[in-house]
Amino acid sequence: MAARETIRVVVCPLCGGGADMRLSGNGLAYLAMDCCKAQLFTRGPESDELCRDLPDVPAQPLPAPPPQIAPVAALQLPPAPATTPPIPKAPAPAPAPAKPRMGWGAFPNA
Ligand SMILES: [Zn+2]
């Protein structure tokens with residue numbers, strides 16, 4: 001059986017690729033989807049109309065422009081807190097009590 005002639009290339013309803021729309025022997029449209037290796041046959045006027053309403057594949061799809069990424073201002077972060085708490089200083093040693101000067105018996109230093 002010879003392959004039937006493609007009348008249009010429409011957007012595949014399954015994968016979004018390009019599907020060949022062809023006419024079967026009874027005049028109803030069907031899709032031969034080489035894009036996803038499937039076929040879709042219409043069996044009545046309703047489905048035939050829906051199939052024929054599928055949009056054509058754009059002749060040359062425009063490549064998507066690269067997204068424009070706005071430069072991001074450098075973030076000014078506050079200085080990170082120290083992860084280790086400061087080590088408390090050891091209390092200063094108490095000053096040594098003043099050494100009493102040597103006195104003489106009943107007459108201590110005045
Ligand atoms: Zn497909």
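In sequence order, region 64-69 has phi-based couplings of 5, x, x, x, 8, 9 Hz under the Karplus curve 6.51 cos²θ - 1.76 cosθ + 1.60, θ = phi - 60°, and Gly or Pro positions carry x. Simple point charges give the picture: +1 on the Cβ of Lys and Arg, -1 on the Cβ of Asp and Glu, and for region 6-52 a dipole about the Cα centre of about 80 debye. Its Kirkwood hydrodynamic radius, worked out from the mean inverse distance over all distinct Cα pairs, puts region 6-52 at 10.3 Å.
Under a 5 Å amide H cut-off, with hydrogens placed 1.01 Å from N, ARG8 pairs with MET21 among residues at least 5 apart or on other chains. Amide H contacts of GLY17: CYS12, each under 5 Å away and 5 or more positions distant or on a separate chain (H built 1.01 Å from N in the peptide plane; Pro and chain starts excluded). The simple spin-label model puts a point 7 Å past each Cα toward its Cβ; for ILE7 and GLU46 those points are separated by 2.1 nm. Between amide H atoms placed 1.01 Å from N, distances below 5 Å from ALA38 occur with MET33, all of them 5 or more places distant or on a separate chain. Full extension of the chain between GLN68 and ASN26 yields a length gain of 10.0 nm, computed as 0.36 nm times the residue separation minus the alpha carbon distance. Just to verify a number: what accessible area does GLU49 come out at with the full protein assembly present, 1.4 Å probe, Å² rounded to tens? Looks like 110 Å² after rounding.
The values are calculated or read from the model by the stated rules, or taken from the named source; none is laboratory data. Everything quoted here is computed from the prediction, not taken from an experiment. For neighbour counting, all protein chains shown are included, and Cβ atoms are generated from backbone atoms with ideal geometry for every residue, glycine included. The area values use the complete protein model at the heavy-atom level, side chains included, leaving out ligands, DNA and RNA. Shrake-Rupley method; radii C 1.70, N 1.55, O 1.52, S 1.80 Å.
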